[in-house]
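Q: Sharing a structure, written as structure tokens. Questions coming.
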Amino acid sequence: MKAVVMAGGEGTRLRPLTSNQPKPMVPVVGKPCMEHILELLRRHGLDDVVVTVAFLPQAIRSYFGDGEALGLHVEYSVEDSPLGTAGSVRLAAGKLDDTFLVISGDALCDVDLSRLLEFHRDKGASVTIGLKSVENPLEFGIVVTDEDGRIERFLEKPSWGQVFSDTINTGIYVIEPEVLRHIPTDRPYDFSKELFPLLLEMGRPLYGFVLDGYWQDIGNLDQFRQANFDALDERVRLNIDGIRIRGNVWIGEGVDVDDLDRVEGPSFVGNYCRISSDATIGPYAVLSNSVTVRERARVTRAIVDASTHIGRSALIEGAIVGRSCDIRAHARIQVGVAIGDETSIGAESVIMPGVRIYPYKEVESGSQVFESLIWESRATSRLFGRYGVSGLVNVDLTPDVAVRVAASLGTALKRGARVVASREGTPACRMIKRAMISGLNSTGVSVADLRVIPSAIARHLLKTEGYQAGVHVGVSPRDPEAVRIQFFEPPGIEATQALENEIAKHFTRGELRRVSGSEVGSVSYPARVRESYAQDLLESLDCDAIRARRFRLVVDYGFSAASFVLPLVLGPLGVELVTARAFPTEGGGAPDLSESVGQTKRLVLAVNAHFGAAFDRAGERLYLVDEQGREISVEQALLLYLRLLGSNGKRGKLAFPVTVTSQVDRLLEGSDLEIVRTPASLPELTKAAAQEGFVFGGAVGGGYVFPEFLPAYDAVASLAKLLELLAPVDRPISELVAELPRSTLVHRQIACPWSEKGLIMRVLNERLAGRELDLTDGIKVWDERGWAQVLPDPDEPLIHLYAEGGTPEQSEELERELRAQIEEIREGSAEKVSS
């Protein structure tokens, strides 16, 4: 008699284990599940086997070949397109000329197949279905039989109200070949859902036989884990390779273990594994062939596939790790984690419970991974990046992640606090913002929903209406396919490090406040917030002076929600406005900035405007074009604001990051304006600008802060303030820009692994000791030529180099010298590691 092994399963619920291998190939105590099934067939005299394959068929064919190594004769039937369970067997009908047995290659069992075959012959059945009694039959197809075993009824995945039996269909069948004639060849066809009900309706003799022994469908990660544990407990009779010693411990051939007492049972250690001194293999650990476990590492209740390396003092607890993975020193892989093949987990990383990491990924050293890593090539080391919380929508930033992030913010605030929420115009931003509102409400925090509006309006409410925090959901400026969540604090500044740390702490620990139903926060929709913002901005301006100039402007909104606000400001100022891309769209990311600037140039010349402005999609940054249709660089635009502030007799302090050109100092010599340098981050800049006495803040990149109105980047306010500064100056903007000094600042980047950043900064600080240094952010060194600065990137494995000398040549020279020192430090570190 022949047996048909169905091995076409893709196993989507078992990913990432099945991302690059078929479901029947997942390992159970060191062997593919299907190999255990083939050995079961051989024990019952079924040595002529047809294997039906579909997903990655070569993986199965290359492993089992013609079956000679197992004492079997194996043939293959390959599906070119999905045919269903019955259709796949029908495809192999030419090889089946007598009674045959069908069994799944991905369900672990040790049932008595001989008794099943005998029952089939005794009853003269057309089909006999192997049945199994289970405690919870809801996820399976129930089969109801009479006292003689004849099938009376089928129920596919019933509710409890439909449960008339606890015997389920195991997918093991004995079938007469004439039955295959009833299977159509032009479409997918299923045994249990279509063929068997048809045969029952036709009155054909269908029987069910309740099987003794073990049977476990390996349909998901929990079932896969349990199947391995059951094998160790000998609840299922398998041919486990290796020598069995005390406490159900199996040790394979060529294992190098320093102390067998440190291998606790039940456990399995495959061929050629290496267990170093002081390493511990705990109960229910399964190590496939050639796994290395270094000193002081511990593996317990975990399945680790072949050729994986586990570094010193690493902990793998309750997890599943694929083939050829590299787990570095002190990594922590926690309960329920599943890691795909050839993944690298950096030193001191923590993979939080339940995370799935798909094959071929790299997790940087020191990372804390809270969400599954599917498409990205690398995991970030923290929840917050330079631009708040960001990620690809429905990949790493899903609605459930947004709910948890918002609940973490709500937990950081007092119960009953009020938060203002706003968003950009895309559907993805709408989805994430709604999830954020739900998360905040769940912690007893009330939300004022401003819907589609620039973040500046939300910030303005924080300053004027006493809200405790704000959130804004927009398109990431670095990736148009990603969304970012920004967080604000009173009086409208970016979230400080203290608040970010508090949110990240609650998110990491999962310690979220959940209030009772009567305490759930409310949602309100404040009226006339745009008008209130516009009125307050107008009150901060010299409106009469601006009206007297009768400006004609061109503005490309870049599809930002600023188009809802700017007319309310420029209308009362008598500004003639020509606009492009004026309304938020339901599409994806923002238009390319060069497109917006190019459009602005053309319109400025066409309408003879005084100048033009292009907004980013967030409505935060401003890019200028002069009256001759020429783009004003962001460096020159910043200096233009400073020149105008100085000439208008302004008094007060100005905030700039340490990386901004020294021309700002030279430009303001002799004025009543004092420059204060801040670390190179927007939260630090806005925090400083919000302090008393500050009148301006800015950085290269089109962002400007006028803290007397609002301590934040705001393109609308920046444009209005520029009009006020230009009003008393009766000269074209191109002439003003032409008189500005030119910066020689250069900016370069060096790729640098996370693990080397700290070393580079420490050694560089030691080498530069005794020279004039500024350690506000990174290391800034001065000499007679100018200055150079090294600054590690907070989000990427990069180091930024800035240099500014008296001439472009000196700037390049300073940059080269600093780069050479960094490369020398890295080379020295690499030599030390190799030795």
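Q: Starting from the range 395-414, take each residue that is without any contact (Cβ under 8 Å) to a residue 40 or more places away in the chain and list its partners that are open to solvent by 40 Å² or more (accessible area, probe 1.4 Å) and not small (Gly, Ala, Ser), counting only C-beta distances under 7 angstrom and pairs at least six apart or across chains.
A: Going by the 7 Å Cβ cut-off, the qualifying pairs are Val395/Ile374; Val395/Trp375; Asp396/Glu371; Pro399/Met431; Val401/Glu371.
Q: Name the single residue, out of those in the range 52-106 being at positive phi and touching a residue at least 24 places away in the same chain (Cβ under 8 Å), that is most open to solvent (accessible area, probe 1.4 Å).
A: Let us first name the residues in the range 52-106 that are at positive phi, namely 56, 65, 67, 71, 84.
Subsequent filtering for residues that are touching a residue at least 24 places away in the same chain (Cβ under 8 Å) retains 56, 67, 71, 84.
Values: Leu56: 72, Gly67: 2, Gly71: 50, Gly84: 32 Å².
Filtering the range 52-106 for residues that are at positive phi and touching a residue at least 24 places away in the same chain (Cβ under 8 Å), the one most open to solvent (accessible area, probe 1.4 Å) comes out as Leu56.
Q: Can I ask one more? Could you tell me whether any residue of the range 234-252 is open to solvent by 30 Å² or more (accessible area, probe 1.4 Å), β-branched (Val, Ile, Thr) and closer than 19 Å to Ile316 by Cα?
A: Among the residues of the range 234-252, not one is open to solvent by 30 Å² or more (accessible area, probe 1.4 Å), β-branched (Val, Ile, Thr) and closer than 19 Å to Ile316 by Cα, which makes the answer no.
Q: Please verify whether the range 684-705 includes one or more residues that are open to solvent by less than 10 Å² (accessible area, probe 1.4 Å) and acidic (Asp, Glu).
A: No, every residue in the range 684-705 fails to be open to solvent by less than 10 Å² (accessible area, probe 1.4 Å) and acidic (Asp, Glu).
Q: In this structure, is Arg478 open to solvent by 10 Å² or more (accessible area, probe 1.4 Å) and in a helix (DSSP H, G or I)?
A: Values: open to solvent by 10 Å² or more (accessible area, probe 1.4 Å): yes; in a helix (DSSP H, G or I): no.
For Arg478, the condition - open to solvent by 10 Å² or more (accessible area, probe 1.4 Å) and in a helix (DSSP H, G or I) - is not met.
Q: Here are Leu791, Leu764, Leu801: which of them is surrounded by 15 or more Cβ atoms within 10 Å (Cβ to Cβ) and in a helix (DSSP H, G or I)?
A: Numbers: Leu791 fails: in a helix (DSSP H, G or I); Leu801 fails: in a helix (DSSP H, G or I).
The unique qualifying residue is Leu764.
Q: Would the range 307-326 turn up any residue that is open to solvent by 10 Å² or more (accessible area, probe 1.4 Å), closer than 23 Å to Pro353 by Cβ, of a type in the set (A, V, I, L, M) and within 27 Å of the chain's Cα centre (by Cα)?
A: yes
Q: Output the qualifying pairs, or none if there are none: Cβ atoms under 7 angstrom, residues six or more apart or on different chains, first residue in the range 419-437 and over 12 Å from Ile457 (Cβ atoms) and part of a strand (DSSP E or B), second residue of a type in the set (S, T, N, Q) and open to solvent by 10 Å² or more (accessible area, probe 1.4 Å).
A: Filtered contacts from the range 419-437: Val419/Gln468.
Q: Given the conditions (1) open to solvent by 20 Å² or more (accessible area, probe 1.4 Å); (2) of a type in the set (Gly, Ala, Ser); (3) under 43 Å from the mean Cα position of the chain (by Cα); (4) within 30 Å of Ile546 (Cβ to Cβ), report the number of the one that Ala738 does not fulfil.
A: (3)
Q: Also, I was wondering about something else. Could you please find all residues in the range 175-215 being over 21 Å from Val134 (Cβ atoms) and small (Gly, Ala, Ser)?
A: Gly203
Q: Are there any strands (runs of 3 or more DSSP E) wholly within the range 161-233 with 3 or more residues that are aliphatic (A, V, I, L, M) and crowded, with 19+ Cβ neighbours inside 10 Å, and if so which? Step through it out loud before you land on a result.
A: Values: elements: 167-175, 206-210, 215-217.
Correct list: 167-175.
Q: Consider the range 743-761. How many of its residues are out of contact with any helix residue (DSSP H, G or I) (no Cβ under 8 Å at 6 or more places or on another chain) and not in a helix (DSSP H, G or I)?
A: So the first thing to find is which residues in the range 743-761 are out of contact with any helix residue (DSSP H, G or I) (no Cβ under 8 Å at 6 or more places or on another chain), and the list is 747, 749, 751, 753-755, 757-758, 761.
Now narrow it down to the ones that are not in a helix (DSSP H, G or I): 747, 749, 751, 753.
Residues flagged as out of contact with any helix residue (DSSP H, G or I) (no Cβ under 8 Å at 6 or more places or on another chain) and not in a helix (DSSP H, G or I) within the range 743-761 amount to 4.
Q: On to the next question. Could you check the range 249-277 and list, in sequence order, the residues that are of a type outside the set (A, V, I, L, M, F, W, C), in a loop (DSSP other than H, G, I, E, B) and closer than 30 Å to Arg13 by Cα? Working first, answer last.
A: Within the range 249-277, the first condition is being of a type outside the set (A, V, I, L, M, F, W, C), and the residues that meet it are 252-254, 256, 258-259, 261-262, 264-267, 270-272, 274, 276-277.
Imposing the further condition that a residue be in a loop (DSSP other than H, G, I, E, B) reduces the set to 252-254, 258-259, 264-266, 270-272, 276-277.
Of everything in the range 249-277, those that are of a type outside the set (A, V, I, L, M, F, W, C), in a loop (DSSP other than H, G, I, E, B) and closer than 30 Å to Arg13 by Cα turn out to be Gly265, Pro266, Gly270, Asn271.
Q: Looking at Ala769, is it surrounded by fewer than 14 Cβ atoms within 10 Å (Cβ to Cβ), under 26 Å from Asp665 (Cβ atoms) and at pLDDT below 90? Give the steps one after another, and end with the answer.
A: Values: surrounded by fewer than 14 Cβ atoms within 10 Å (Cβ to Cβ): yes; under 26 Å from Asp665 (Cβ atoms): yes; at pLDDT below 90: yes.
The answer is yes for Ala769.
Q: Now for a different question. Select from the range 651-684 the residues that are small (Gly, Ala, Ser), at pLDDT below 90 and more than 39 Å from the chain's Cα centre (by Cα) and list them in ascending order.
A: Gly670, Ser671
The values are calculated or read from the model by the stated rules, or taken from the named source; none is laboratory data. In this text the structure is predicted, and so the values were computed from the model without any measurement. So basically every Cβ, Gly included, is an ideal-geometry build from the backbone, and we count neighbours across all protein chains shown. Accessible surface is based on the protein model in full, side chains and every heavy atom, while ligands, DNA and RNA are left aside. Shrake-Rupley method; radii C 1.70, N 1.55, O 1.52, S 1.80 Å.
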